[in-house]
Amino acid sequence: MAPASPRFAFVVTFFVLAAATAAAQSRPLVVGSSATYPPFAYETPAKQIVGFDVDVIQAVASKVGITVRLVNTPFTGVFASLDNGDLDLVISGVTISDRRRQSYDFTAPYFEARQLIAVPVASTVRNLQDLAGKKVGVVTGSTADEVASRTFGRTSANIRRFDTTPLIIAELVSGGLDAAIGDNGVIAYRAQEHKGLKTVNDPGFPKEYFGIVVKKGNTALRDRLDSGLKAIVADGTYARIYRTWFKTEPPLPTP
Amino acid sequence: MEPEPILWFGWFRADIIAEYAPLFWQGLRMTIGVTVIGITFGALLGLLVGMARLANARHAPARHLTRFLLRWPATVYVSFFRGTPLFVQIMLMHFAVVPLLMNPADGLIVSGELARTLRQDYGALLSGVLALTLNAGAYISEVFRAGIQSIDRGQVEAARSLGLSYRRTMYHVVLPQAFRRMLPPLGNNAIALLKDSSLVSAVGLSELAYAARTVAGAYSRYWEPYLTIAMMYWILTLALAYAVRRLEHRYGRGDTR
């Protein structure tokens, strides 16, 4: 075998170095989102992830000059994927809570949410308290799960936990549940798909805010995302995205 | 409000498991219950289907009847349940098949308030057990078929020539011998069913995996809940393997000289 020519070695080294540098500079940040959550994030038949969350993160990214790659991750797995580095950030309708703040860093809020109850049309339920002793469906680990666990007891057999919002709605429609609780945007969207369902707004539910999640201590990325959020609110991009998905004006410059 | 964290070995948050202990105990009972029902009915179904796949007759029309009414349906059934993922079967059963047969509005078999009560109290259990039993039955039928076919033809011929009917030949001669050979694969199937029952948590049945998912969802911690149920499953499968070994020993006595 002939020895490799020095020139060949040089060319190879050059390309390897160039490729490595390019990768370090423009490695797209991996964004996790659970795409079963219209209108925040869902998959089109063409396997594209679209929604309010998607538009927000893309607008923010282009403002601060980063590229993002969206990965559809089940909600039950988003936090573990952040921890082990599979994801750089998560935008998936994640409610900012004190408990989550202990383990993750959040950006400023980008959406104001509230829990909403879906029940069969004939139901007489008017608020959360009326659901005591009834079968209540929630998405595992969601804010609704927290609320239900707090109200009815963590290990109560009346709380039925499923992986996604469509499943709790399906279970409600087929009579397996008396009610389903979830974030207002999604529950309202899902309930209007079924004639037999209506929504119940309990003003007792506290206001909540969705934030973008990064790994604990990754303040550099968080600050960058925060400045991006400020920028898209300031130039009206945020309001435009909000109108697109919710058909109303945003409550206020949230962030 | 938040309980004081209790750390074992400096990293294992034991307090989380303690907080959800009722869910884990209930989950353990449910896992054992579902497994026992699944194995029992799966074995019965497997025996029937295994024999259906072997059914044959010498002359028409019985020959055609056995083919179209027994062998073909049994073959299609086994092929479907072995050829599709159990998870898919569970989702189909709970969110599609059972609601069609049983729902408050227009269930084909049960409807009205009874359907609602049944679905609310036993819905996940019913569809979970159904899917697990049908799945196990398909695998076990192959164990029975292979076990029966492994018995030398001469045994059947000898029994028939002594004047025993087909049924008595099966019952007194073939099945006792086949059962010994079937025990190890049956044990494997039982252990597989025990572990596969964890998939039923997807339809909200409160078994072991459901308890772990609940805790993981609430705390975003994965070591504690999943290690806990891993140990519980392991102990259960060890116990099951031991029981099968005892049975093998007991029924194997006739073979040793």
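Every number in this text was worked out from the coordinates using simple rules, so none of it is lab data. Everything quoted here is computed from the prediction, not taken from an experiment. Counting neighbours? That spans all protein chains shown, and the Cβs are built from the backbone with ideal geometry, glycine included.
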Quiz prompt | GNM result for chain B, Cα springs below 10 Å: residue of B:TRP11, B:TRP25, B:TRP72 fluctuating most strongly | solution = B:TRP11
Quiz item: Once you list every other residue whose beta carbon is under 14 Å from the beta carbon of B:THR237, what net charge do they have if Lys and Arg are +1 and Asp and Glu are -1?
Solution: +1
Self-check item: Relative contact order (percent, whole number), chain A, Cα cutoff 8 Å, 6+ residue spacing
Solution: 26 percent
Quiz item: How many angstrom separate the Cα center of the range B:79-113 from the Cα center of the range A:90-143?
Solution: 29 Å
Quiz prompt | Estimated [θ] at 222 nm from DSSP helical runs (n ≥ 4, -39500 (n - 2.57)) normalised by residues in the protein assembly as shown, nearest 500 | solution = -17500 deg cm²/dmol
Practice problem: Name the residue, out of B:LEU45, B:LEU193, B:LEU114, whose mean-square fluctuation peaks in a Gaussian network model built on chain B with Cα pairs under 10 Å. | Solution: B:LEU114
Practice problem: Compute the Cα gyration tensor for the range B:100-257, then decide on rounded, prolate or oblate, letting a ≥ b ≥ c be the square roots of its eigenvalues: rounded whenever a/c is under 1.5, prolate when a/b is larger than b/c in the other cases, and oblate in all that remain. | Solution: oblate
Self-check item: Within straight-line cross-link reach of A:LYS135, lysines at Cα separation under 28 Å, skipping those fewer than 8 residues along the same chain
Solution: A:LYS195, A:LYS198, A:LYS207, B:LYS195
Quiz item: Not counting the cut sites, what is the longest span of chain A without trypsin sites (Lys or Arg not before Pro) that DSSP labels loop and that have at most 14 other Cβ atoms within 10 Å?
Solution: A:48-125
Quiz item: For A:ASP105, what is the net charge nearby, where nearby means another residue's Cβ is under 11 Å from its Cβ and Lys, Arg count +1, Asp, Glu -1?
Solution: +3
